[in-house]
Amino acid sequence: MPVLDIVGLVVLVVILCALALILARQRHMLHGPGGIPLAVRRGTRWLYGVGLYDGDMLLWYRAIGIGTRPSRVMRRGEIEVLSRRAPSPAELGSLPSTAVIVDVRDSAGDITLALADGAFTGFVSWLEASAPRF
């Protein structure tokens, strides 16, 4: 077997293993306690990922990647919901029609989230369960 074929086969196996790790990571986070599918808008693009409730924090991990640190951390006491709406016709190509678009503000700035309807209900309940602000 030529060396070039062996190198190509090894590269293919490494790529397949990386993809399997990414999918296993997503599945583990979504099926664990507090995991929800959550998209975040950056500019005009939606970035898909997984949100994990961890006490008073909502941790957001990008869908593609093997990193162990969250891409965004939102603290419950700092989140302010600015608005809620259905996806616009332009967004329906990227999001399901049943998604709920939520504009929120926290200490890091304004951010737009897209959640499933049931996940939105859980998000609002989680926010309301926080200690009162003074």
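Computed from the coordinates by the stated procedures, all read-outs in this text should not be read as laboratory data. These numbers were taken from a predicted model, which means no experiment stands behind them. Methodologically, a virtual Cβ is constructed for each residue, glycine included, from the backbone with ideal geometry; neighbour enumeration extends over all protein chains shown.
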TODO: Calculate, in nm to one decimal, what SER88 and LEU127 gain on full extension: separation in residues at 0.36 nm each, minus their alpha carbon distance.
DONE: 11.5 nm
TODO: List every residue whose amide H lies under 5 Å from the amide H of MET57, counting only residues 5 or more places away in sequence or on a different chain, with H placed 1.01 Å from N in the peptide plane.
DONE: ARG76
Task: Under Karplus coefficients 6.51, -1.76 and 1.60, residue-wise ³J(HN,Hα) of the stretch 109-124 in Hz, glycine/proline x - done: x, 7, 8, 10, 10, 10, 10, 5, 4, x, 5, 5, 4, x, 4, 5
Task: Chain lengthening between THR44 and ASP110 when straightened (0.36 nm per residue, less Cα-Cα) - done: 22.3 nm
Task: Difference of contour (0.36 nm per residue) and Cα-Cα distance, ARG75 to VAL13 - done: 18.3 nm
TODO: Would you please give the FRET efficiency between SER97 and ASP56, computed as 1/(1 + (r/R0)^6) with r the Cβ-Cβ distance and R0 = 41 Å, to the nearest 0.05?
DONE: 0.80
Task: Förster-model FRET efficiency, 30 Å R0, LEU4 and ILE64, C-beta, rounded to 0.05 - done: 0.55
Open item on the list: Quick query: amide H of LEU38 versus all other amide H atoms, modeled in the peptide plane; which residues come in under 5 Å with a sequence gap of 5 or more or a different chain?
Closed with: GLY49, VAL50, GLY51
- [ ] Would you mind putting 12-18, 89-95, 108-114 in packing order, based on average other-beta-carbon counts within 10 Å, highest first?
- [x] 108-114, 89-95, 12-18
- [ ] Using amide H atoms built 1.01 Å from N in the peptide plane, name the residues 5+ places from SER71, or on other chains, whose amide H lies under 5 Å from its own.
- [x] TRP60, TYR61, ARG62
